[in-house]
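Read-outs throughout are calculated quantities, based only on the coordinates presented, and are distinct from any laboratory measurement. Bear in mind that the values here come from a model prediction, so they are computed numbers and not experimental data. Cβ placement follows ideal geometry from the backbone for every residue including glycine, while neighbour counts extend to all protein chains displayed.
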Amino acid sequence: MLLAGMLVEQLYDALRRRDTDAAVGLLHPACVGLTCPGLPHVGGRVAYGPQEWLSRIWVETYRHFDVVAVPEEHLQVGTGTVVTLGTYRGVARGTGRVFEAWFAHVWTVLDGRVSGLRQVTDTARWAAALDQSATSVGDPERHKGDAADSGPAYSQGRE
């Protein structure tokens with residue numbers, strides 16, 4: 001497995017375990033994270049450096065959602081670039097509503113650490129989970145069991 005893909009998978013694992021020390025340790029000191037515009041509470045943010053990722057993105061997200069990113073496929077698209085496709089699965093803390101939202105994460109790696117993230121996700125699903133009057137937010141029954149147990153697929157580019 002390529003170094004960039006291994007680092008990204010280690011980061012997903014650390015976040016899944018809520019081990020923020022391990023997650024921050026995988027980030028390059030000059031990392032930049034961009035969240036998807038429209039994402040409730042953290043959308044459209046740019047976080048510079050590991051501590052901003054922690055405080056401005058992860059802590060804020062976990063304050064409002066009990067959520068995990070479940071990677072389903074990693075595409076190595078360059079020496080230091082990995083695109084991860086997957087599904088966020090979670091519960092909005094304020095409403096108790098379960099939701100799922102697909103994502104694409106574009107990761108960059110520099111000097112053996114994660115140096116960048118650009119997030120794309122279905123922000124409407126996140127917002128609907130916060131809305132008591134919404135009627136549906138994804139299909140929590142679609143993935144019985146934990147997809148993370150089967151592990152993600154790795155590939156280089158398109159096949």
Any trypsin sites (Lys or Arg not before Pro) in region 1-41 that lie in a DSSP loop and have at most 14 other Cβ atoms within 10 Å would be Arg17, Arg18
Using the Cβ atoms and a cut-off under 15 Å, what net charge is assigned to the surroundings of Asp21, where Lys and Arg are +1 and Asp and Glu are -1?
-> +2
Surrounding net charge for Gly94, when Lys and Arg each add one and Asp and Glu each subtract one, Cβ distance under 15 Å = 0
Calculated from backbone phi, Karplus (6.51, -1.76, 1.60) coupling profile of region 49-66 in Hz, x at Gly/Pro | x, x, 5, 5, 4, 5, 7, 8, 10, 5, 4, 5, 4, 5, 5, 9, 9, 9
Whole Å is fine, so just give me how far the alpha carbon centre of region 1-29 lies from that of region 36-92.
-> 12
